[in-house]
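Read through the structure below, which is laid out as structure tokens, and then see the notes.
What follows is calculated from the coordinates using simple rules that are stated; it is not laboratory data. All values derive from a computational prediction rather than experimental measurement. FYI the Cβ positions are ideal-geometry reconstructions off the backbone, even for glycines, and counts take in every protein chain you see.
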Amino acid sequence: MRLIQYLLVSIFLTGAAWAQETSEPTADERTSTGGATTLEDILARQRGETVDNSYRSENTGQGNAEGLLGQLGTRGVASDSDVYRALRYGSADVTVSSHGPADSVLIQDGGMWWLTFRTGPLREYGTYIVAGMLGIILLFFLIRGKIRIDGEKTGRTVTRFNGFERFGHWLFAGSFLILGVTGLLTLYGRDFLIPVFGKEGFAALAQGCKWLHNNLAWAFMLGLIIVTVNWIAHNIPNRVDLKWLAAGGGLFTKNSHPPAKKFNAGQKIIFWACILLGVSISLSGLSLLFPFEMPLFAKTFQIANATGIPQMMGLNLPEQMSPQEEMQYAQVWHVMVAYVFIAIIVAHIYLGSVGMEGAFDAMGTGEVEEQWAREHHSLWLEEVQEKEAGKTATSPAE
């Protein structure tokens, strides 16, 4: 009988707890707390459910003065909780001694979505992008192997890139690699490096990463300009690129070498991706470096809303932003572009080094094996040889 009694009591308590957990807070329950947090709100947060905060954001003591007369506290007719809510949701009349553009924003509640998105979906899907590219490269290597020079090497070399071209490339590439590493350490460091180095060790590392990231951005932008000026004329698409793409660039079959000029269609795609992503990530980076002088997203959203496209997609893009919100949007966009950029550059590094025989020489010494040039850039090699033949023909005989 005692066992049965215990079972009945357990079932009763479980049912009561279940009923309490599944119940929504009613207006009466909210009123009974004076508009404050209810037990159901607390339980819902513990279960990881979304709680409607309108009872806070709409209850900041503004317009409730008559009901509070005679109950004056340390904040006049508004309680301490009312003042906190008004500060949190931006309805407080704040006066500060300093006059910076963001000094009057004491609490920015909107920053919570940024923190949640930055440490959640942004990192998760960004990791999938980079890991996915690494997986594709590994699969390609296992199936295709290293792309080697098919014909017999001649022992002669052809100048592919001069010193200034290589300088611009390595300035752009080297600064990007350091920016990528320091950015990833900043993004993932709290979770993975604090257990290794401790909080003080990670703080020193994070400070160093921040300094490098901010200052090497200028080298990256200079390299971007040099690369653009050097090669934009050679990367205009043409009909030859369509033939190259139709043949898959010869990457998937041996002894297949579609004709190409100085840059083939694949290299042109990477070039334009680097230019567009480089400009975008530079602009968002400048916005982060100078948030009060160079806000980008409020103006961008105004232009986007004017087209009507966001509304068709059910989006309501904000057109008025505090400096903090501008920085949050800029940081999210900066990281999104960086993930795509890193994935593309990883593929480029593979094909330009271990993935293709002779490819690294183009940027290493600037000289490439003549047979390599004939197989991968035959039209460009013909142009070079014609120019050399013309120079020989016009030079005076000894």
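Remarks
- Dipole of the range 273-398 [Lys/Arg +1, Asp/Glu -1 at C-beta], most positive-end residue of V346, S287, F360: S287
- Under 13 Å, Cβ to Cβ, from G248 - net charge with Lys/Arg +1 and Asp/Glu -1: +2
- Burial order of peptide ranges 281-288, 379-386 (average beta-carbon count within 10 Å, highest first): 281-288, 379-386
- Prolate/oblate/rounded label for the range 92-153 (Cα gyration tensor, a/c 1.5): oblate
- Label point distance in nm, A219-R239, each placed 7 Å from Cα along Cα→Cβ: 4.5
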